[in-house]
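The values are calculated or read from the model by the stated rules, or taken from the named source; none is laboratory data. For clarity, every value in this text was computed on a predicted model and none was experimentally measured. Note that each Cβ is placed from the backbone with ideal geometry, even for glycine, and that neighbours are counted across all protein chains shown. Note: areas computed on protein heavy atoms with side chains; ligands, DNA, RNA excluded. Shrake-Rupley method; radii C 1.70, N 1.55, O 1.52, S 1.80 Å.
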Amino acid sequence: MKKQIIIKSLLLTISLGAVMTTYGCSNTAKDTTENAEATDTETSQASDANDSSNADVDSESDVTDQEASTTEASDNVSEDSTGVKADPQAIYQQFLDNELEFNGQLFSDRYTYLKEDFELTPAGYYYDVDEDGEDELLISTFYYGFDIYDVRDGELVLLDYGDGTADACSVFTGEGHTYVAHSDFLHAGRQVLTLIRYDENGDVVELISLSAFYEDSESDTYDENAQFSYNDTAITMAEYEEYMNLYQAAPVEDMRTAEIDESLFE
């Protein structure tokens with residue numbers, strides 16, 4: 001009896017072992033398959049990433065080549081289009097001699113009103129107002145100040161001009177710089193001065209405003225009760241006068257005289 005029990009136990013143990021071995025092998029095979037598939041997937045993704053990376057590198061290389069090509073082309077165009085540098089003095093003189101129009105007008109047509117209204121012939125000067133090392137052409141309109149011409153890229157341009165007796169255009173210097181000034185010193189009760197510093201491209205690089213208002217004053221000039229300002233900030237009369245002494249009008253004696261044919265206005 002004992003032998004039969006022992007034999008059955010042995011058979012049962014062997015059967016269970018076989019079952020466990022079978023399921024164990026099955027799970028291992030499944031894991032192996034999944035691992036293989038995962039490995040294939042990772043390998044594929046890595047390959048795709050490498051291909052994408054290579055494509056990006058190629059693309060960046062193409063862009064770089066295109067940029068280099070564009071730069072070279074731009075440099076060539078700039079060099080080709082530069083040509084002979086225009087002579088500002090020659091262009092100014094052509095304008096003064098009625099050989100060159102500005103905005104569809106010859107010089108005599110543009111300033112004939114001075115002769116007709118005031119019996120005056122326009123006066124011309126040369127002065128470097130934008131600190132580029134080359135003189136600009138200044139035409140005096142007397143009551144309205146200067147019309148200031150510049151030459152850029154071989155073309156005559158109007159840099160600045162006066163716009164009435166309350167906005168006369170002139171040239172000031174101070175603090176080692178040159179400014180185009182707009183001022184109103186002719187009307188009672190106020191003094192207004194705006195200083196504009198231009199660069200060679202006609203861009204404003206500095207702007208200064210000074211003013212004194214004394215409309216209620218019984219005298220023809222300001223006193224301590226006037227309202228003074230520097231760049232829209234209230235200042236004292238002493239500070240105002242210090243600034244006004246710092247910036248001074250450039251005298252015409254310091255300017256070169258332009259040659260104007262007066263017979264053009266006869």
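Open to solvent by less than 10 Å² (accessible area, probe 1.4 Å), within 27 Å of GLU242 (Cα to Cα) and of a type in the set (D, E, K, R) - does that describe any residue in the range 123-130? Checking the range 123-130: at least one residue is open to solvent by less than 10 Å² (accessible area, probe 1.4 Å), within 27 Å of GLU242 (Cα to Cα) and of a type in the set (D, E, K, R). Considering the range 252-266, the residues that are at pLDDT 95 or above and in a loop (DSSP other than H, G, I, E, B) include one that is most open to solvent (accessible area, probe 1.4 Å), namely GLU259.
Give the range 241-251 a look and list any residue that's part of a loop (DSSP other than H, G, I, E, B) and in contact with a Leu (Cβ under 7 Å, 6 or more places away or on another chain), or say none.
At the first step, the residues of the range 241-251 found to be part of a loop (DSSP other than H, G, I, E, B) are 247, 250-251.
The answer is TYR247, and nothing else.
Counting only strands (runs of 3 or more DSSP E) that sit wholly inside the range 101-187, those with at least 2 residues that are among the acidic types (Asp, Glu) are 146-152, 155-161. Evaluate the following for ASP130: is it at negative phi and at pLDDT below 95? For ASP130, the condition - at negative phi and at pLDDT below 95 - is not met. VAL205 satisfies every condition listed in (1) aliphatic (A, V, I, L, M); (2) at pLDDT 95 or above; (3) loosely packed, with under 12 Cβ neighbours inside 10 Å except (3).
Out of the residues in the range 133-160 that are among the hydroxyl-bearing types (Ser, Thr, Tyr) and modelled with pLDDT under 95, which is nearest to the chain's Cα centre (by Cα)? Don't jump to the end; show me each part of the working.
Pass one, the range 133-160, residues among the hydroxyl-bearing types (Ser, Thr, Tyr): 140-141, 143-144, 149.
Cutting the leftovers down to modelled with pLDDT under 95 gives us 141, 143-144.
Numbers: THR141: 32, TYR143: 34, TYR144: 30 Å.
Ranking the candidates gives TYR144 first.
Annotation note: of ALA258, ALA226, ALA181, the sole residue that is of a type outside the set (Lys, Arg) and without any contact (Cβ under 8 Å) to a residue 40 or more places away in the chain is ALA226. Checked against (1) under 29 Å from the mean Cα position of the chain (by Cα); (2) surrounded by fewer than 14 Cβ atoms within 10 Å (Cβ to Cβ), HIS187 passes all but a single condition, namely (1). Looking at ASP220, is it open to solvent by 20 Å² or more (accessible area, probe 1.4 Å) and either β-branched (Val, Ile, Thr) or in contact (Cβ under 8 Å) with a residue 12 or more places away in the chain (or both)? Considered against the rule, which asks whether it is open to solvent by 20 Å² or more (accessible area, probe 1.4 Å) and either β-branched (Val, Ile, Thr) or in contact (Cβ under 8 Å) with a residue 12 or more places away in the chain (or both), ASP220 comes out as yes.
Between VAL157, VAL204, which is farther than 30 Å from ASN98 by Cβ and hydrophobic (A, V, I, L, M, F, W, C)?
Values: VAL157 fails: farther than 30 Å from ASN98 by Cβ.
Criteria check complete, one pass: VAL204.
Give the residue, chosen from ALA226, ALA238, that is among the small types (Gly, Ala, Ser), over 32 Å from the mean Cα position of the chain (by Cα), surrounded by fewer than 14 Cβ atoms within 10 Å (Cβ to Cβ) and over 18 Å from ALA166 (Cα atoms).
Working: ALA226 fails: surrounded by fewer than 14 Cβ atoms within 10 Å (Cβ to Cβ).
Sole residue among the options that is among the small types (Gly, Ala, Ser), over 32 Å from the mean Cα position of the chain (by Cα), surrounded by fewer than 14 Cβ atoms within 10 Å (Cβ to Cβ) and over 18 Å from ALA166 (Cα atoms): ALA238.
If you scan the range 91-102, which residues turn out to be farther than 14 Å from ASP147 by Cα and in contact (Cβ under 8 Å) with a residue 12 or more places away in the chain? The answer is ILE91, GLN93, ASP97, ASN98, LEU100. Say whether the condition of being surrounded by 13 or more Cβ atoms within 10 Å (Cβ to Cβ), touching a residue at least 60 places away in the same chain (Cβ under 8 Å) and not basic (Lys, Arg) is met by at least one residue in the range 152-159. Yes, some residue in the range 152-159 is surrounded by 13 or more Cβ atoms within 10 Å (Cβ to Cβ), touching a residue at least 60 places away in the same chain (Cβ under 8 Å) and not basic (Lys, Arg).
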